[in-house]
1. Pick from the stretch 31-50 the residues that are among the acidic types (Asp, Glu) and without any contact (Cβ under 8 Å) to a residue 12 or more places away in the chain: which of them is most open to solvent (accessible area, probe 1.4 Å)?
2. Of the conditions (1) on the phi > 0 side of the Ramachandran plot; (2) at pLDDT 95 or above, SER105 clears all except one; give me its number.
3. Has the stretch 62-69 got any residue that is part of a helix (DSSP H, G or I), touching a Leu at 6+ places or on another chain (Cβ under 9 Å) and open to solvent by less than 50 Å² (accessible area, probe 1.4 Å)?
4. Looking at ILE67, ILE49, which one is out of contact with any Lys or Arg (no Cβ under 6 Å at 6 or more places or on another chain) and within 24 Å of VAL10 (Cβ to Cβ)?
5. Hey, VAL81 hits all of (1) over 28 Å from SER121 (Cα atoms); (2) part of a helix (DSSP H, G or I); (3) of a type outside the set (Ser, Thr, Tyr) but one; which does it fall short on?
6. How many of the residues in the stretch 1-29 are free of Cβ contacts under 8 Å to residues at least 60 places away in the same chain, open to solvent by less than 90 Å² (accessible area, probe 1.4 Å) and farther than 30 Å from THR73 by Cα?
7. Take the conditions part of a helix (DSSP H, G or I) and over 13 Å from the mean Cα position of the chain (by Cα) and apply them to ARG19. Does it pass?
8. Could you list, in sequence order, all residues of the stretch 51-61 that are open to solvent by 80 Å² or more (accessible area, probe 1.4 Å) and either of a type in the set (A, V, I, L, M, F, W, C) or within 16 Å of ARG5 (Cα to Cα) (or both)?
Amino acid sequence: LRIVREEIDVYRDLIEHARHKTALLVQGHVDEILESNKVEETFNIKLRILETEMSRLCSDLCKALRIPRQEFTLLKLANGVEQSVAAEIKSLTNLFKNLIDQLKSVNQRNTRLVENSIHYSKGLLDFLSNATSSYQETGLFHPLPAIQSTFSHRA
């Protein structure tokens with residue numbers, strides 16, 4: 001339960017950080033976004049450490065309870081322990097699922113913001129690459145005539 005509580009704390013912090021990153025993406029603060037990515041990596045390292053510890057503990061529980069590792073879940077564990085502990089496991093499991101859904105939602109929004117920025121940037125680059133000619137009176141670009149290469153017939 002300690003590990004699950006710690007993971008929940010990290011996910012809460014990660015959600016708050018992801019929401020802050022949404023504001024950075026909207027404002028376009030590149031240096032702060034890069035710094036934000038470094039902070040995210042710190043959260044990911046913490047989560048990997050907790051997951052490794054949880055995996056080791058689950059393996060030990062599976063051996064002690066003679067449950068195949070693939071079949072072990074926290075909810076199955078809750079079915080085999082005293083009522084007060086079972087209620088806490090179920091409550092933490094539901095909270096954990098809720099936090100995962102929240103983080104997924106914020107990350108999807110941030111992904112859309114990044115994709116839209118990339119799309120916008122590509123559009124600007126396309127526009128600028130085609131802006132080598134002058135405007136016509138209609139507001140459209142007046143294309144430059146193609147340069148014809150001249151080859152020497154003597155060569």
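The values are calculated or read from the model by the stated rules, or taken from the named source; none is laboratory data. Predicted model only: the values in this text are computed from it and were never measured. Using ideal geometry, Cβ is built from the backbone for each residue, glycine included, and neighbour counts are taken over all protein chains shown. Heads up: the accessible areas ignore ligands, DNA and RNA and are worked out on the full protein's heavy atoms, side chains in. Shrake-Rupley method; radii C 1.70, N 1.55, O 1.52, S 1.80 Å.
1. Quick first cut of the stretch 31-50, residues among the acidic types (Asp, Glu) only: 31-32, 35, 40-41.
Of the ones still in play, those that are also without any contact (Cβ under 8 Å) to a residue 12 or more places away in the chain are 31-32, 35, 41.
Working: ASP31: 124, GLU32: 91, GLU35: 99, GLU41: 83 Å².
Once the filter is applied, the top-ranked residue is ASP31.
2. (1)
3. Step one: of the stretch 62-69, the residues part of a helix (DSSP H, G or I) are 62-65, 69.
Checking the rest, the ones that are also touching a Leu at 6+ places or on another chain (Cβ under 9 Å) come to 65.
Those left that are additionally open to solvent by less than 50 Å² (accessible area, probe 1.4 Å): none.
Scanning the stretch 62-69, I find no residue that is part of a helix (DSSP H, G or I), touching a Leu at 6+ places or on another chain (Cβ under 9 Å) and open to solvent by less than 50 Å² (accessible area, probe 1.4 Å), so the answer is no.
4. On the way: ILE67 fails: within 24 Å of VAL10 (Cβ to Cβ).
ILE49 is the lone residue from the list that is out of contact with any Lys or Arg (no Cβ under 6 Å at 6 or more places or on another chain) and within 24 Å of VAL10 (Cβ to Cβ).
5. (2)
6. Keep residues of the stretch 1-29 that are free of Cβ contacts under 8 Å to residues at least 60 places away in the same chain, which gives 2-3, 6, 9-10, 13, 16-17, 20, 23-24, 27, 29.
Checking which are open to solvent by less than 90 Å² (accessible area, probe 1.4 Å) leaves us with 3, 6, 9-10, 13, 17, 23-24, 29.
Cutting the leftovers down to farther than 30 Å from THR73 by Cα gives us 23-24, 29.
Number of matching residues: 3.
7. On the way: part of a helix (DSSP H, G or I): yes; over 13 Å from the mean Cα position of the chain (by Cα): no.
No.
8. We begin by selecting, within the stretch 51-61, every residue open to solvent by 80 Å² or more (accessible area, probe 1.4 Å); these are 51-52, 56.
Answer for the stretch 51-61, where residues must be open to solvent by 80 Å² or more (accessible area, probe 1.4 Å) and either of a type in the set (A, V, I, L, M, F, W, C) or within 16 Å of ARG5 (Cα to Cα) (or both): GLU51, THR52.
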